Amino acid sequence: MNVLKLKAVSGDNPNDNVKRETVDLGNGSDVVYVQRLIPFDQSWQWFHYLDKHIPWTRPTIRVFGKSFLQPRDTCYVATPGLTELTYSGYQPHAYSWDDYPPLKDILDVVHKALPGSSFNSLLLNRYNGGNDYVGWHSDDEKLYGPTPEIASLTLGCERDFVLKKKPCKKSSELLYGSEPANKKLKKGSHDADQHTFRLKHGSLLVMRGYTQRDWIHSVPKRAKADATRINLTFRRVF
Ligand SMILES: O=C(O)CCC(=O)C(=O)O
Ligand SMILES: [Fe+2]
């Protein structure tokens, strides 16, 4: 597996001396990784708050006519009046930012780190150990527009986040949710087509440009990851 050597570049915001690294995926797609966005202790405080107070659910989802228990807990938060989110035949209830005030503080930190961003929805995931995962997919729902910026914050247990180039549109649709997330690279593909980021406690990973159109991503099962990870993905619904 290709664990990236990242090139450090300075942030857009001169007040922001947080180190960030950008990986150009080509064809108008890139990923920004900020390894230490939120200080260690603050990250644990938010982790414990969210672990305890968020109304986590593990919904049944439908993929190609078959029902599955989603292999992680989830919750959705959105500004009122937005188009409702539906994925894999499941429409989550949209909770309000006001229900969980620390989410607004986290949103502020993310907005400051990403000048020009204005997220209005948040999908939370909780992985209760290494058997919980998210399979190959892209977040290419229409409500996010053609080039969504998706900012993904990690709290708790480190996990690998893998990006893989779509072979073509049809086959990537077939991959969605149905292929084991840890499947090896196909023969004929090469290293530039797959990138792995080890997402640290307090880190932020941002997918931009055409990443959702041209790439799929997953958080594979990991036998050794025995602790809980909470992930917050901020998105803008248009
Ligand atoms: O947990 C992660 O890092 C990724 C979650 C994800 O891809 C999603 O919620 O769409
Ligand atoms: Fe995703």
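The values are calculated or read from the model by the stated rules, or taken from the named source; none is laboratory data. Just so it is clear, the model here is predicted, and its values are computed rather than measured. Glycine gets a Cβ as well: all are built from the backbone with ideal geometry, and neighbour counts include every protein chain shown.
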Of those in the stretch 129-154 that are within 11 Å of ligand 2 (Cβ to nearest atom) and either assigned to a loop (DSSP other than H, G, I, E, B) or among the small types (Gly, Ala, Ser) (or both), the residue surrounded by the fewest Cβ atoms within 10 Å (Cβ to Cβ) is GLU141
When the stretch 62-85 is checked residue by residue, the ones that are at pLDDT 95 or above and β-branched (Val, Ile, Thr) are THR74, VAL77, THR79, THR83
Checked LEU114, LEU122 against criteria (in contact with a helix residue (DSSP H, G or I) (Cβ under 8 Å, 6 or more places away or on another chain) and of a type outside the set (Phe, Trp, Tyr)); the one match is LEU122
How many residues of the stretch 56-91 are part of a loop (DSSP other than H, G, I, E, B) and not β-branched (Val, Ile, Thr)? The answer is 16
Residue hits (the stretch 89-112; closer than 27 Å to PRO220 by Cα and crowded, with 17+ Cβ neighbours inside 10 Å) are PRO92, ALA94, LEU103, ILE106, LEU107, VAL110
From the option list GLY188, GLY209, GLY202, single residue qualifying as on the phi > 0 side of the Ramachandran plot, surrounded by fewer than 22 Cβ atoms within 10 Å (Cβ to Cβ) and at pLDDT 85 or above is GLY209
Scanning the stretch 207-224 for residues that are part of a loop (DSSP other than H, G, I, E, B) and not hydrophobic (A, V, I, L, M, F, W, C), the one farthest from ligand 2 (Cβ to nearest atom) turns out to be LYS224
Contact list, first residue from the stretch 156-176 and more than 18 Å from VAL206 (Cα to Cα) and at pLDDT 50 or above, second anywhere and among the small types (Gly, Ala, Ser) and surrounded by 17 or more Cβ atoms within 10 Å (Cβ to Cβ), beta-carbon distance below 6 Å, six or more apart or interchain, is CYS157/ALA225; LYS166/SER172
Note on THR60: of the conditions (1) touching a strand residue (DSSP E or B) at 6+ places or on another chain (Cβ under 7 Å); (2) within 16 Å of ligand 1 (Cβ to nearest atom); (3) under 23 Å from LYS221 (Cβ atoms), unmet is (2)
Take the conditions more than 16 Å from the chain's Cα centre (by Cα) and within 21 Å of ARG126 (Cβ to Cβ) and apply them to GLN70. Does it pass? no
For the stretch 81-138 the number of residues that are over 15 Å from TRP56 (Cβ atoms) and of a type in the set (Lys, Arg) is 2
Those residues of the stretch 225-234 which are surrounded by fewer than 21 Cβ atoms within 10 Å (Cβ to Cβ) and either within 15 Å of ligand 2 (Cβ to nearest atom) or not in a loop (DSSP other than H, G, I, E, B) (or both) amount to THR228, THR233
